[in-house]
Amino acid sequence: MKNPKIKRMVGIALLMAMVVVMQALSSIIPPIGGFSISLVLIPIVLGAAVFGPGAGALLGATFGTIVYINCVTGADPGGAMVFQANPVLCFLVVMGKGTLAGLASGGVYKLLCKVNSYLAMLCAAIICPLVNTGVFVACMLLFFNEVLSAWAGGADVLGYILTGLILANFVPELMINVVFSPAGQRIAHFVNKK
């Protein structure tokens, strides 16, 4: 493809399609240990690295849109509880966490890629799930404490956050992103070379 604008649009559209399919699949694949692990962060990080922070934010917003649809339809039972508690705040949280994760990932990559492209991809792969989970947990604590208590089932909410949200969800997502980062950098290098 000779036209860089068309190449960019097609690349972002393909990654958006991957985000939609991967997030849709995550809602039908049974959760591991009660939590669904999101592979969708991989194309968000890749798009943020190849096409910049704005593309990362767009891909993150696409992710947030699918998450919100799952909350509204009940495909994500925990998300449905958040939606029922406050639909507007639910929308802002899921859109915010995805958009900020993609934006931050692209910003970190852009900042570090001149120094070392592999380090840049590794840091982008780390920051994406960190922001995604960090924003989610902070918003749950601020706005949806009752839902968190219900999810914890009477157990300590902080303990639930540490074991359920951080250990069972964030850590596997982080590990998947870190393992993918060298391949992601090779893909980014190949795409940017063309």
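The values are calculated or read from the model by the stated rules, or taken from the named source; none is laboratory data. Owing to the predicted nature of the structure, the values given are computational and were not obtained by experimental measurement. Here Cβ is always computed from backbone atoms with ideal geometry, including for glycine, and neighbour counts include all displayed protein chains.
Can you say whether Met81 is assigned to a helix (DSSP H, G or I) and in contact (Cβ under 8 Å) with a residue 60 or more places away in the chain, as far as the supplied structure shows? Criteria met by Met81. Within the range 109-120, residues that are hydroxyl-bearing (Ser, Thr, Tyr) reach partners that are surrounded by 13 or more Cβ atoms within 10 Å (Cβ to Cβ) and not in a helix (DSSP H, G or I) with beta carbons closer than 9 Å, at six or more positions or on different chains, in the pairs Tyr109/Gly52.
All conditions but one from (1) among the aliphatic types (A, V, I, L, M); (2) farther than 13 Å from Val40 by Cβ; (3) part of a helix (DSSP H, G or I) apply to Ile66; the one that does not is (2).
Listed here are the residues, each with its yes/no results for (1) surrounded by 13 or more Cβ atoms within 10 Å (Cβ to Cβ); (2) under 21 Å from the mean Cα position of the chain (by Cα); (3) not polar (S, T, N, Q); (4) not in a helix (DSSP H, G or I).
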site	(1), (2), (3), (4)
Leu119	yes, yes, yes, no
Ala125	yes, yes, yes, no
Val135	yes, yes, yes, no
Leu148	yes, yes, yes, no
Ala155	no, no, yes, yes
Gly164	yes, yes, yes, no
Ile176	yes, yes, yes, no
Gln185	yes, yes, no, no
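Name every residue in the range 83-117 that is under 25 Å from Phe144 (Cβ atoms), crowded, with 18+ Cβ neighbours inside 10 Å and over 18 Å from the mean Cα position of the chain (by Cα), in order of residue number. The one that is under 25 Å from Phe144 (Cβ atoms), crowded, with 18+ Cβ neighbours inside 10 Å and over 18 Å from the mean Cα position of the chain (by Cα): Phe83. Determine if the range 9-29 includes at least one residue that is part of a helix (DSSP H, G or I), of a type in the set (Ser, Thr, Tyr) and modelled with pLDDT under 95. Yes. Between Ile29, Ile12, the distinction of being crowded, with 18+ Cβ neighbours inside 10 Å and either more than 19 Å from Ile166 (Cβ to Cβ) or in contact with a strand residue (DSSP E or B) (Cβ under 9 Å, 6 or more places away or on another chain) (or both) belongs to Ile12 only.
May I ask you to say which residue of Ala183, Ala155 is of a type in the set (Gly, Ala, Ser) and farther than 14 Å from Pro43 by Cα? Break it down into steps so the answer makes sense when it comes.
Numbers: Ala183 fails: farther than 14 Å from Pro43 by Cα.
After applying the criteria, what remains is Ala155.
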